[in-house]
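Beneath this line is the structure, given in structure tokens, with notes to follow.
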Amino acid sequence: MLLKKITSLKKIISDWNEVSASCNDLSELYEMAKSEQNSQELFDSVETDFSALVKKVDAMEFRKMLNGPDDACPALLSIHPGAGGTEAHDWADMLFRMYKRFLEREGMDFRVVDVQEGEEAGINSATIEVKDDYAYGLLRSEIGVHRLVRISPFDANARRHTSFCAVYLYPEHEDVKFDINPADIRVDVYRSSGAGGQYINKTDSAVRMTHIPTGIVSSCQTERSQIQNRATALKMLTTMVAEHYKQEEEAKRDARMAGKKKVEWGSQIRSYVLQPYQLVKDLRTNEETSDTSGVLDGKLKPFVNAYLLSTSIEDLPTA
């Protein structure tokens, strides 16, 4: 963990030195362009390089906001439907797609570890492992209850329904020093499933592990070998249980408590309204957009940025 921290700090210093040097070079080129005649081509070059430099600085400013104790970690993102029946299971499937599209847009390395299909529609749960550094910091804005309002496609009378889903996030530490008593784990082996291969390959080696004292469940069905699925499920369970006890010891910080509240009215962090109007609104930052289809297609960056900015401001020392 220390070596990883050192490597991360060296990268920050290297990026800063590179940006500083580029800034100095552009300043000199700009002064040169001002002193020369017919220097429009040089001005255009400076403008292009300056735009690229601004993007680098913006990226560094964004990374600066990811300064929480777990922000540099890869993460497990888990989606669970709440109140709302079949509607909620379909809503969970919509969120599942939304997060996959977001991760694809960001060019992040991820894999779907487990998907449990709903009986009538949608999914009962889904877990995504995001392998990139700083995945936890980037995604912690999503911890909590997400509320959907729409005309139900499952209601013959076309009435408006409200559905809820909870999103949980767990940091994956390389050196998790936590041992689970094997006697506290119940292991179930079952045939993995997917809607015609929509999510995963069919095998006979899926594994579900339940930590009896806490009721925490992890599942894996992406590997063809039951041994591999067991190893992945145990790794996930260890991460989840360790985080559970860590939260208890840290008096359940507000940012993580959002994901543990009852999944119904009054506990949501973000509202997605498709009827009678179109609006996605984050109830913590008041960030909102009428581009509901874009958000559900993974355009989450404005909401992520607004949340990180708000928490960074809250963390600033007071006089």
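Checking residue 135 against (1) in contact with a helix residue (DSSP H, G or I) (Cβ under 8 Å, 6 or more places away or on another chain); (2) farther than 29 Å from residue 278 by Cβ; (3) aliphatic (A, V, I, L, M): exactly one of these is not met. Which one?
(1)
Inside region 215-236, can you point out the residues that are modelled with pLDDT of 85 or more and exposed (fewer than 14 other Cβ atoms within 10 Å of the Cβ)?
Listed by number, the residues that qualify are 215, 227.
Keeping to region 66-102, report how many residues are assigned to a strand (DSSP E or B) and either within 13 Å of the chain's Cα centre (by Cα) or farther than 30 Å from residue 217 by Cβ (or both). It would help to see each step written out before you state the result.
Initially, region 66-102 is screened for residues assigned to a strand (DSSP E or B), giving 75-81.
In the following step, the residues that additionally are either within 13 Å of the chain's Cα centre (by Cα) or farther than 30 Å from residue 217 by Cβ (or both) were identified as 75-79.
So the count comes out to 5.
Residues 35, 8, 39, 27: which one is on the phi < 0 side of the Ramachandran plot and modelled with pLDDT of 80 or more? Full working, then the answer.
Values: 35 fails: modelled with pLDDT of 80 or more; 8 fails: modelled with pLDDT of 80 or more; 39 fails: modelled with pLDDT of 80 or more.
27 is the lone residue from the list that is on the phi < 0 side of the Ramachandran plot and modelled with pLDDT of 80 or more.
Looking at (1) closer than 21 Å to residue 302 by Cβ; (2) not in a strand (DSSP E or B), can you tell me which one residue 145 breaks?
(2)
With the requirement that a residue be at pLDDT below 90 and assigned to a loop (DSSP other than H, G, I, E, B), what does region 237-274 give you?
Across region 237-274, the qualifying residues are 250, 251, 252, 253, 261, 262, 263, 264, 265, 266, 267.
Quick one: in region 103-127, which of the residues that are surrounded by fewer than 22 Cβ atoms within 10 Å (Cβ to Cβ) and within 15 Å of residue 220 (Cα to Cα) is farthest from the chain's Cα centre (by Cα)?
This residue is 117.
Can you pull out every residue in region 18-65 that is under 32 Å from the mean Cα position of the chain (by Cα) and of a type in the set (Ser, Thr, Tyr)?
Those that are under 32 Å from the mean Cα position of the chain (by Cα) and of a type in the set (Ser, Thr, Tyr): 20, 51.
Go through (1) free of Cβ contacts under 8 Å to residues at least 24 places away in the same chain; (2) in a strand (DSSP E or B) for residue 186 and report which single condition fails.
(1)
Kindly indicate which of 61, 47 is out of contact with any Phe, Trp or Tyr (no Cβ under 9 Å at 6 or more places or on another chain) and either farther than 30 Å from residue 135 by Cα or among the basic types (Lys, Arg) (or both). Explain how you work it out, then say what you get.
Numbers: 61 fails: either farther than 30 Å from residue 135 by Cα or among the basic types (Lys, Arg) (or both).
Result: 47 is the single residue among 61, 47 that is out of contact with any Phe, Trp or Tyr (no Cβ under 9 Å at 6 or more places or on another chain) and either farther than 30 Å from residue 135 by Cα or among the basic types (Lys, Arg) (or both).
Got a sec? Which of 166, 183, 135, 156 is on the phi < 0 side of the Ramachandran plot, at pLDDT below 80 and either assigned by TED's automatic domain parsing to the domain that holds residue 107 or acidic (Asp, Glu) (or both)?
The conditions single out 156.
Considering region 90-118 alone, what residues qualify as being touching a His at 6+ places or on another chain (Cβ under 8 Å) and at pLDDT below 90?
Within region 90-118, 118 is the sole residue that qualifies.
The values are calculated or read from the model by the stated rules, or taken from the named source; none is laboratory data. Since we're looking at a predicted model, the values are computed, not measured. Note that each Cβ is placed from the backbone with ideal geometry, even for glycine, and that neighbours are counted across all protein chains shown.
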